[in-house]
Amino acid sequence: QAQTNISVSVSDKAEPTISKYIYSNFAEHLGRGIYDGFYVGDTSKIPNTNGVRNDVIDALKKMKIPALRWPGGCFADTYHWKDGIGDKSKRPAIVNKWWGGVTEDNSFGTKEFLNMCEAIGTDPYISGNVGSGTVQELSDWVAYTTSDNKNPMSDLRKTTGRDKAWKVAFWGIGNEAWGCGGNMTPEYYANEFKKYSTFMSSGSGKMFRIASGANSDDYHWTDVLMKNIPQGLIEGIALHHYAIIDWDHKGPAIKFTEDQYFKTMKSALLMDTLVTKHSAIMDKYDPQKKIALVVDEWGGWYDVEPGTNPGFLYQQNSMRDAMIAGATLNIFNNHCDRVRMANLAQCINVLQAVILTQGNKIILTPTYHVMEMYNVHQDATLIPVTVNSDDYVFGSEKLAAISASASKDKNGIVHISLVNIDPNKNHKVSLNLDGKKFTVVKGRILASAKVQDYNSFDEPNKIEPKEFNGAVIKSNTISVNMPSASVIVLALN
Ligand code: AHR
């Protein structure tokens, strides 16, 4: 059997921190993401806190979700925040133009979102409307949410929201400005960004302004933004990339073929090239890495489940999604010098969700379990790894079978996360710990017989993390026999 060798450079050299915000999520007014996902309303029989499901709050707390992006996506550039404040019976109903043309009654607005974030213990990331909004509207939203000084917007909050300002650091200035956010050129958008950013100032605390970033490999977009936007006006620049086979033939979320699996993984692993190249462009203009690369939409995108509204983007979540999550988070960890936030698309009932709901039932998906297993890396110090991976071969093509990342937490515990994306073969992995000796190894594994396996409402716990005792330490080498399509996280001290 071939072997993958990984050298893990455990040293006292200063290394960057893996920002916890890499583990953030995204929740758009799309399909059953907000309504029937997070929010059931305070008259629902489903146990809730101010209308937000208690089982969702508990699950997301356990997963340790550090930030949540809202209200879009494409929806953000049609959203006028004043529609979603005050007496619910007086809030205007609008048409959700991008997602199924359904009625949006605005019953979940700014106050509901920000109070929900406090209940979950997550930081809000608000995506502002540039496409159909105004500079005044966005700067008013900032004042409404964050200012404790006397001004018309804090007065409005006191009569429609609450007395005390919330803390909102993360602000997106438009979304996909090259597409649904206004079909702009990067030059035009850079000017728009500067105008919006100039007039945004937070009441208290630091403000983190994120520019609408490139679509996958549109490196020109990043270059123009970095060249034209002065550093004092910007803290982050976004990037969107979905693991997708082909926009016209996305294939099913479950019951996919190995060909479809291979193509999805190939698209997911492209993330490494994308963050490497976008980071290199950013390095040219910002060698001190002051501006973060924020991958604020990523994940697998398939056909919707048969019989569901095509505009709702509801898809099941299988071990393939666990592979995407594990491998992508390893990429982000290893690029944490520049990637300092990422938002999985999307949190509940939309695309690569961590939670699916049906009436009063919920499922924690394989993606949820990976996010929860990996939360040990949040705010830990990166340990560089070099992976010489064995191949996952499919027909005449191949991909690296194994990916890894490692970190040391504040208690000195070293965590190593490993993914074997090969759906057919176990792979032997040998971890060389660079001269350091470790005595205790604890591990957890997520695996299932087939990469098509998933948690259903009838069998919600089919896939969940189990204790893993298969890591063998000899001197400063750890050997692990990784089952096909598995994710393992080891803890060493
Ligand atoms: O996540 C779904 C959609 O994908 C978002 O609204 C948009 O930003 C992207 O194209």
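The values are calculated or read from the model by the stated rules, or taken from the named source; none is laboratory data. The model shown is predicted, which means the values in this text are computed figures rather than measured ones. Please note: Cβ atoms are built from the backbone with ideal geometry, for glycine as well, and neighbour counts cover all protein chains shown.
Each residue in the range 13-56 was checked for being polar (S, T, N, Q) and either assigned to a strand (DSSP E or B) or touching a Ser or Thr at 6+ places or on another chain (Cβ under 6 Å) (or both), and 5 pass. Taking the residues in the range 141-176 that are of a type in the set (Asp, Glu) and surrounded by fewer than 19 Cβ atoms within 10 Å (Cβ to Cβ) as candidates, determine which candidate is modelled with the lowest pLDDT. Looking at residues that are of a type in the set (Asp, Glu) and surrounded by fewer than 19 Cβ atoms within 10 Å (Cβ to Cβ), I get Asp148.
Inspect the range 342-349 for any residue being surrounded by fewer than 24 Cβ atoms within 10 Å (Cβ to Cβ) and either part of a strand (DSSP E or B) or not hydroxyl-bearing (Ser, Thr, Tyr) (or both) and give the result as yes or no. No; the residues of the range 342-349 include none that is surrounded by fewer than 24 Cβ atoms within 10 Å (Cβ to Cβ) and either part of a strand (DSSP E or B) or not hydroxyl-bearing (Ser, Thr, Tyr) (or both).
Of note, Asp12 does not satisfy the criterion of being at pLDDT 95 or above and surrounded by fewer than 23 Cβ atoms within 10 Å (Cβ to Cβ). Of the residues Ser132, Ser24, the single one that is under 30 Å from Asn183 (Cβ atoms), within 16 Å of the ligand (Cβ to nearest atom), at pLDDT 95 or above and within 19 Å of the chain's Cα centre (by Cα) is Ser24.
Out of contact with any strand residue (DSSP E or B) (no Cβ under 8 Å at 6 or more places or on another chain) and free of Cβ contacts under 8 Å to residues at least 24 places away in the same chain, is that true of Lys111?
no
Please work out which residue is farthest from the ligand (Cβ to nearest atom), limiting yourself to the range 300-317 and to residues that are in contact (Cβ under 8 Å) with a residue 60 or more places away in the chain and surrounded by 24 or more Cβ atoms within 10 Å (Cβ to Cβ). Filtering the range 300-317 for residues that are in contact (Cβ under 8 Å) with a residue 60 or more places away in the chain and surrounded by 24 or more Cβ atoms within 10 Å (Cβ to Cβ), the one farthest from the ligand (Cβ to nearest atom) comes out as Asn317.
Condition first: touching a residue at least 12 places away in the same chain (Cβ under 8 Å), within 16 Å of the ligand (Cβ to nearest atom), of a type in the set (Ser, Thr, Tyr) and assigned by TED's automatic domain parsing to the domain that holds Gly299. Can you find one or more residues in the range 67-84 that meet it? Yes, the range 67-84 has at least one match.
Exactly one residue out of Ser479, Ser456 is surrounded by fewer than 16 Cβ atoms within 10 Å (Cβ to Cβ), assigned to a strand (DSSP E or B) and in contact with a strand residue (DSSP E or B) (Cβ under 9 Å, 6 or more places away or on another chain): that is Ser479. When the residues of the range 429-442 are filtered to those that are touching a residue at least 40 places away in the same chain (Cβ under 8 Å) and either under 24 Å from the mean Cα position of the chain (by Cα) or assigned to a loop (DSSP other than H, G, I, E, B) (or both), the one that is nearest to Thr4 (Cα to Cα) is Leu433.
Val10 falls short on exactly one of the conditions (1) within 16 Å of the ligand (Cβ to nearest atom); (2) in contact with a Leu (Cβ under 9 Å, 6 or more places away or on another chain); (3) in a loop (DSSP other than H, G, I, E, B), and that condition is (1). In the set (1) in a loop (DSSP other than H, G, I, E, B); (2) modelled with pLDDT of 95 or more, Ala491 fails one condition alone, (1).
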